Amino acid sequence: MPILYSFRRCPYAIRARLSIAASGEKVELREIVLRDKAPEFLETSPSATVPCLKVDETVIDESLDIMLWALQRADPENWLRPEKGDLDEILALIADCDGPFKRHLDRYKYDTRYPDADRETERAGAADYLWRLDSRLTGTPRLFGGKASLADYAILPFVRQFANSDRSWFDSQDWTSLKVWLKAFETSPRFQSVMPKWSPWRAGDTPVFFPAEANSAP
């Protein structure tokens with residue numbers, strides 16, 4: 001069975017788990033403590049970051065690649081085939097999230113780590129991307145039509161991270177459609193199903209399988 005090294009709160013790991021759950025794939029989940037990483041994980045992950053998926057002798061060390069791996073094996077909800085647009089457009093929107101938006105998000109949320117970062121300037125830079133999303137969501141519940149696609153589930157964990165950096169400020173903004181979209185995600189059974197608390201993994205532990213129903217499968 002494939003092995004997924006994960007960390008519950010990491011948005012990259014959240015989106016990897018979302019896609020694996022949606023695809024119906026089963027993995028052994030190993031929860032990693034970032035301040036005390038298991039040696040087996042460090043031996044597996046070239047970047048020493050989560051998520052990291054090991055399939056036989058292949059290691060997939062990028063969260064978006066893990067999403068694509070799962071959905072290319074099985075995509076029952078058509079995340080890769082949106083109602084509007086195409087996969088290239090989806091990947092372009094995700095690239096803007098993973099690139100400029102994530103840079104602003106990190107420098108906003110962890111501004112004390114960056115001597116040249118101004119918190120309000122970084123927040124404004126990130127907000128530009130969120131306004132784009134809000135515009136896309138006006139009149140439609142998801143980014144590429146009426147049904148969720150890869151774009152929604154790849155981007156939502158990072159919007160949630162941004163919102164939680166200062167929820168009062170986030171809630172005071174006028175991006176109405178964006179807030180509806182985020183709330184629907186945060187209160188969804190799907191999100192809750194990928195967020196249980198796992199004990200940190202150590203070699204020799206009883207395997208924990210993901211999704212949770214895999215633990216009781218014959």
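The numbers here are math on the coordinates, done by the rules we state, and not lab data. No experiment lies behind these values; they were computed from the predicted model shown. Cβ: placed from backbone, ideal geometry, glycine included. Neighbour counts: every protein chain shown.
Using the Cα centre as the reference, give the magnitude of the dipole from point charges on the C-beta atoms of the chain (Lys, Arg: +1; Asp, Glu: -1; all else neutral), rounded to the nearest 20 debye. Intermediate results must be reported in sequence, preceding the final value.
On the way: 30 positive and 34 negative charges, 130 e Å.
It comes to approximately 620 debye.
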In the Gaussian network model of the chain, springs joining C-alpha atoms below 10 Å, which of Asp86, Asp98, Asp106 carries the largest mean-square fluctuation?
Asp86
What residues of segment 58-73 lie in the reach of a label at Leu91, counting those whose backbone N is under 20 Å from a point 7 Å from the Cα along Cα→Cβ?
59-73
Note, segment 49-57: 3J(HN,Hα) by Karplus (6.51, -1.76, 1.60, θ = phi - 60°), whole Hz, Gly/Pro = x, goes 10, 9, x, 9, 10, 10, 10, 6, 9
Residue by residue, what Karplus-based ³J(HN,Hα) values in Hz, rounded to whole numbers, does segment 110-122 have, using 6.51, -1.76 and 1.60 with θ = phi - 60° and x for Gly and Pro?
10, 4, 5, 7, 10, x, 9, 8, 10, 4, 5, 5, 5
Phe209 and Asp106 label points (each 7 Å along its Cα→Cβ direction) are spaced in nm at 3.6
By the scheme Lys and Arg +1, Asp and Glu -1, what is the net charge of all other residues having a beta-carbon under 13 Å from that of Ser47?
-3
Just to check I understand the Karplus step: with θ = phi - 60° and J = 6.51 cos²θ - 1.76 cosθ + 1.60, what whole-Hz values come out for segment 4-11, glycine and proline as x?
10, 7, 9, 9, 3, 8, 5, x
Computed from the coordinates I sent, percent of Cα pairs over 27 Å apart equals one of (i) 42; (ii) 64; (iii) 34. Tell me the label.
(iii)
Percent antiparallel among DSSP beta bridges with both residues in the chain, to the nearest 5?
70
Dipole of segment 1-64 (Lys/Arg Cβ +1, Asp/Glu Cβ -1, origin at the Cα centre): which of Ile3, Thr58, Ile14 lies farthest to the positive side?
Ile14
